[in-house]
Amino acid sequence: MKLFQPKTFSAFKGYKSKDYILDIVAGVIVAIIALPLSIALAIASEAPPETGLFTAIIAGFVTALLGGSKVNITGPTAAFATIVAGIIISEGMEGLVIATIMAGFILILMGMLRLGSLIKYIPHTITIGFTAGIAVTLIVGQLKDFLGLTYPSGVKAIETPEKLSLVFENFSTINPWAVLVGVIGLAILIVWPKISKKIPGSLIAVIVGALICFIPAINAKTIGSSFTISSDLPKFSFPTITLDKIVSLLPSAFTIALLAGIESLLSCVVSDNMIKDKHNSNTELIALGAGNFLVGCFGGIPATGAIARTAANVKNGGKSPLSGMVHAVVLLLVLVILMPLASYIPMPIIAAILFIVAYNMSEWREFVKVIKTKKWNDVLVLVLTFALTAIFDLVKAIAVGLVVHYVILLIHHLIAKNKAKKQAE
């Protein structure tokens, strides 16, 4: 397999006019799904709302054009929210931009070194563990907005235990109206998929929530009351990068690159099974790196392959990279024309959307299945990875999980070898 071979070069062979129509329709539908999610994930990352759209537009178009998968949809994902928030709180938005640009270079280098195939050496238990851990951190991070809590001025928390502690400390400031709006949003998100599969529940929840907040008696924070909304196009601005900044932000850049690579290639594997195709993992890493580099230059947040949006793309008829590019163009039009309307979206609705995202990504059934059916060593790696992700961070979780997993395998191998030796004697 060639090192760099974008699917755009081969995906349109034998294409018919109806295939183009299916791709365009799928792209529009995925854009509708991505719209509230991109805004919500930017807010969860402590970034301005419009940066989520910048990310979905730039990374979504570039990765679709240059990527190694026909149908992968790239954009901001829940897996990054806590990591990005931590970088922004400690290093500012400029620090995140530099880390994202550096992560782009790292991803390109990973692809050029043909490291795409290494994903198969990450055990399933570690993937399930850190995914469930990220889901927990996302839920805890949204409790403040869902409950309408008010924190003392200047108080910020990075780690999940700190966020949970702040929730308990300030629980007396709970806003019943915010809870009501959030619960209505949750109900819509849970029930709507049973009514319609084509129109995303998140869009309905956003519209209903905004209409409720127009009632004078309802006192719940909206995006507009919490952030300054901009519909301006993203502007290219390469940051000043010094050696000190590179050294201090290198761990964050590696974290972004590692997570982006893992999640994007997992998304490719899922979509391969859906469309009976085979992606080029190294091409996908290079394209993802280029996308993140440009996202950083335009002030966005890190991007990776989004499994749920990719699945929605395939289910709605997406067959080629065209659908991913259409999704990006539609979001660009929304940014320019409709972005001011985002100011009316209630913060509890954003929290409710992210609760559902966290639930869907948690794979709790798989988590329980591993505990019930796997050996003790797999369960240990799963629980350890989950706990370290939720309490500390993803890099520590994956590093410790891998070490424990392969040390146990080595011990089992040595024991088996010793037994075989004794039997031979």
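The values are calculated or read from the model by the stated rules, or taken from the named source; none is laboratory data. Fair warning: this is a prediction, and the values are worked out from it, not measured in the lab. Here the Cβ is made from the backbone with ideal geometry for all residues, glycine too, and neighbour counts use every protein chain on show. Ligands, DNA and RNA are excluded from the accessible area calculation, which covers all protein heavy atoms including side chains. Shrake-Rupley method; radii C 1.70, N 1.55, O 1.52, S 1.80 Å.
Below are the figures for this structure:
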item	result
Close pairs from the range 50-65: first part of a helix (DSSP H, G or I), partner open to solvent by 20 Å² or more (accessible area, probe 1.4 Å) and aromatic (Phe, Trp, Tyr), Cβ under 6 Å, at least 6 apart	Phe54/Phe298; Ile58/Phe298
Residue within the range 130-148 that is part of a helix (DSSP H, G or I), over 23 Å from Ser362 (Cα atoms) and modelled with pLDDT of 90 or more present	no
Filter result (aliphatic (A, V, I, L, M), surrounded by fewer than 19 Cβ atoms within 10 Å (Cβ to Cβ) and closer than 22 Å to Ala157 by Cα) within the range 346-404	Ala387, Ile391, Val395
Any hit, the range 97-119, residues being of a type in the set (Phe, Trp, Tyr), assigned to a loop (DSSP other than H, G, I, E, B) and more than 16 Å from Ser267 (Cα to Cα)	no
Test: residue in the range 407-421 that is open to solvent by less than 40 Å² (accessible area, probe 1.4 Å) and either closer than 29 Å to Ala157 by Cβ or touching a Leu at 6+ places or on another chain (Cβ under 6 Å) (or both)	no
Filtered residues of the range 192-207 (kept if more than 22 Å from the chain's Cα centre (by Cα) and open to solvent by less than 50 Å² (accessible area, probe 1.4 Å))	Ser196
Lone qualifier among Ser90, Ser45 - being of a type outside the set (A, V, I, L, M, F, W, C), closer than 24 Å to Met347 by Cα and under 14 Å from the mean Cα position of the chain (by Cα)	Ser45
Selection from the range 297-319 of residues that are assigned to a helix (DSSP H, G or I), touching a Phe, Trp or Tyr at 6+ places or on another chain (Cβ under 9 Å) and buried (at least 22 other Cβ atoms within 10 Å of the Cβ)	none
Members of the range 239-269 found to be open to solvent by 60 Å² or more (accessible area, probe 1.4 Å) and over 14 Å from Leu96 (Cα atoms), listed by number	Leu243, Asp244, Leu258, Val269
Of residues in the range 331-376 being farther than 16 Å from Ser38 by Cα and outside any helix (DSSP H, G or I), the one modelled with the lowest pLDDT	Glu363
Selection within the range 327-345 - closer than 25 Å to Lys70 by Cβ and open to solvent by less than 10 Å² (accessible area, probe 1.4 Å)	His327, Ala328, Leu331
Residue within the range 29-46 that is surrounded by fewer than 24 Cβ atoms within 10 Å (Cβ to Cβ), modelled with pLDDT of 95 or more and of a type in the set (A, V, I, L, M, F, W, C) present	no
Within the range 156-250, helices (runs of 4 or more DSSP H) holding 1 or more residues that are under 27 Å from Ile134 (Cβ atoms), aliphatic (A, V, I, L, M) and touching a residue at least 60 places away in the same chain (Cβ under 8 Å)	176-195, 201-212, 223-226
